[in-house]
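Structure first, then comments.
Laboratory data are not the source of any read-out in this text; all were calculated from the coordinates shown. The shown structure was predicted, so the numbers you read here are calculated from the model rather than taken from an experiment. Heads up, the Cβs are rebuilt from the backbone with ideal geometry, glycines too, and the neighbour counts pull from every protein chain shown.
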Amino acid sequence: MPSVYIKTYGCQMNERDSEAVAAQLVAKGYTLAASEYVADVVLLNTCSVRDNAELKAINKMENIAGDIRKHRPNVVLGFLGCMAQSRGQELIDRLPDVDLVVGTQKFHRTADYLDDIFAGRRSKIVDTAEEQGSEGTIREHLVNGNAKVKSVTAFVSIMQGCNQYCTFCIVPYTRGEERSRSIADVVAECRQLVGQGVREITLLGQIVTSYGKRGGFQSGRAELPLGSSIGDAQPRIPTANGTSPFVQLIEAVHEIEGLDRIRFTAPHPKGYGDDLVAAYARLPKLVESAHLPVQSGSDRVLKLMHRGYTRARFLEIIRKLRAARPGIGLTSDIIVGFPGETEADFSETLSLCREVEFDNAYLFKYSPRKDTPAAAMPDQIAGDLIEERHARLLATINAIGKRKYDAFVGRQTQILVEGPSRKNSARMTGRTRCNKIVLFDGAERHRGQLLEVKITRTGSFTLYGDPAIVNL
Ligand code: 5AD
């Protein structure tokens, strides 16, 4: 059988989609290749959230077409995911070496399409159609199957799509309307993973806090066989005693015996109702860590972005979370240079970061995206000004982050050991409950263990643990 190499760009949802495609291909007999240079099929799972991400994937495909295909003309080339969805046939028109373009609701069809291409039934395939029930198709994992070692952590996709329509964001157009899987279906998948040795699960979706909120055709019944359509509208998951569907899902996953930790990403700040804050206080497996994308500290910009919260509301959520779980790890996403952002608006972002003291924040230079309202807004910010503000904000975030990380030195903390460090395989890597990476001189037998380590020093957004107090 042919071998496949999948390269993933972008977010954790994309990583998860690639894993599901790989698992589906392995189940059909394909093998996984170590690199694009030895693979019979090269698939790029793409990201559209900023122009850079699209360019990277296009350049990569150009190089592969010019280099690898010249020596091995039968290699099959494909684009998957968000850019495949937004550009479709245009990608083949631009790069005629590409054989396959598979959109975000069709990942599960990849194996069939490759079969068609290898059997000579079809040569060029583009499928970017919507498919009802597609939210239930990202379910296969590579936990123990193809991987040589057991996975300690796993990602579980609970929903697809986004209805928030932030004015800067392309995701509603590439991922479609919000559609959620059923609680029973998600729990069954988590249970199976825990049965295979997984100790920590991250619930994934574009906006997980909106889980189960949409009714109608959007909440497809996951029990339906693939390819069948949903004839009747599905009810949304009702709020029960003030508990949102998302918190109901966390509660249900929390029941699974053998599971130690629950995380989720990405939430929307407006989804942090009192029920979710309370869940942090009462559900011990829900780790004290939250990624809260604030995007800007200026109310004026937040409104233009269509974020649905104010600076004051955001700060109130942070206060409540810290009251519910002191020491909670807090990270964020921030966009620099949104159209019309003044020096005063930017100062509000700087001051919000100083006030909150995020453990870390991911900074993004605003990138106009096709067909989004912000791309047509007046007062687009010049590149050099964006660069300058980005550098100032980065220095602030790094200084605060360093202080927060340094404060761990001398403390004892629990980590879940995930495996050898990618950069230095002599070291093991684990994660604190508050989502900080800890490196320590451990051994393979520590994989999957919850260990208490003493933090001895810090690196850049990394902690080093002392193996001396670890029961080696
Ligand atoms: N330009 C820059 N950053 C963006 N993001 C989303 N869209 C854009 C854009 N057009 C950022 C947001 C989001 C993160 C995943 O990517 O900060 O939270």
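Some points to look at:
- Its convex hull of Cα atoms gives the range 248-290 a direction-averaged projected area, equal to a quarter of the hull surface, of 3.0 nm².
- Quotient of the Cα radius of gyration of the range 357-472 and 2.2 N^0.38 Å, N being its number of residues: 1.44.
- The range 366-472: relative contact order in percent, alpha carbon pairs under 8 Å with at least 6 residues between: 22 percent
- Relative contact order, whole percent, for the chain stands at 10, derived from Cα pairs under 8 Å and 6 or more residues apart.
- Near Arg307: Cβ cut-off under 13 Å, other residues only, Lys/Arg at +1 and Asp/Glu at -1. The net charge is +3.
- Cα-centred dipole magnitude for the chain, charges only on beta-carbon of K, R (+1) and D, E (-1), debye, nearest 20: 980 debye
- Left without a cysteine partner by the 4.7 Å Cβ rule in the chain: Cys11, Cys47, Cys82, Cys162, Cys190, Cys353, Cys434.
- Taken along the Cα-to-beta-carbon direction at a fixed 7 Å, the label points for Val409 and Arg72 span 4.9 nm.
- FRET efficiency for Asn398 and Thr310, using Cβ-Cβ distance with R0 set to 22 Å, rounded to 0.05: 0.25
- Separation of alpha-carbon centers, the range 148-206 and the range 236-285, rounded to whole Å: 14 Å
- Counting only residues at least eight positions apart within a chain, or on another chain, the lysines with an alpha carbon under 28 Å from that of Lys303 are Lys213, Lys270, Lys320, Lys365, Lys370.
- Local electrostatic count at Leu385 - Lys and Arg +1, Asp and Glu -1, tallied over other residues with Cβ under 13 Å: -4
- Of His71, Gly81, Leu100, farthest towards positive along the dipole that unit charges on Lys, Arg, Asp, Glu beta carbons give the range 71-119: Gly81
- Ordering of 427-435, 154-162 by packing [mean C-beta count within 10 Å, highest first]: 154-162, 427-435
- Values of log10 I(q)/I(0), in the order q = 0.09, 0.21 Å⁻¹, for the range 37-192 under a Debye, Cα-only, solvent-free model: -0.34, -1.36
- Remark: the chain is approximated by an ellipsoid whose semi-axes, taken from the C-alpha gyration tensor as √(5λ), come to 33, 28, 25 Å, largest first.
- Selection from Asn360, Ala443, Ala119, by position along the positive dipole direction of the chain (Cβ): Ala443
- Fully extending the segment from Ala391 to Val38, taken as 0.36 nm per residue of separation minus the present Cα-Cα distance, adds 123.1 nm.
- Beta bridges per DSSP with both ends in the chain, % antiparallel, nearest 5: 35 percent
- Placing pseudo-labels 7 Å out from each Cα toward the beta carbon at Thr462 and Glu255 gives an inter-label distance of 4.2 nm.
- Local electrostatic count, Phe461, Cβ distance below 10 Å [Lys/Arg +1, Asp/Glu -1]: +2
- Backbone N within the range 405-438 under 19 Å of label point (7 Å from Glu15 Cα along the Cβ vector): 415-425, 427-438
- When only the Cβ of Lys, Arg, Asp and Glu is charged (+1, +1, -1, -1), the dipole of the range 233-292 relative to its Cα centre reaches about 200 debye.
- A simple spin-label model places the labels of Lys270 and Met1 4.5 nm from each other, with each point 7 Å out along Cα-to-Cβ.
- In the chain, the calculated helix contribution to ellipticity at 222 nm averages -10000 deg cm²/dmol per residue, counting -39,500 (n - 2.57) for every DSSP H run with n ≥ 4.
- Per-residue packing, averaged as other Cβ atoms within 10 Å, sorts the ranges 177-186, 48-57 into the order 177-186, 48-57, beginning with the highest.
- Most to least packed among 273-283, 94-104, 382-392 [average Cβ atoms within 10 Å]: 94-104, 273-283, 382-392
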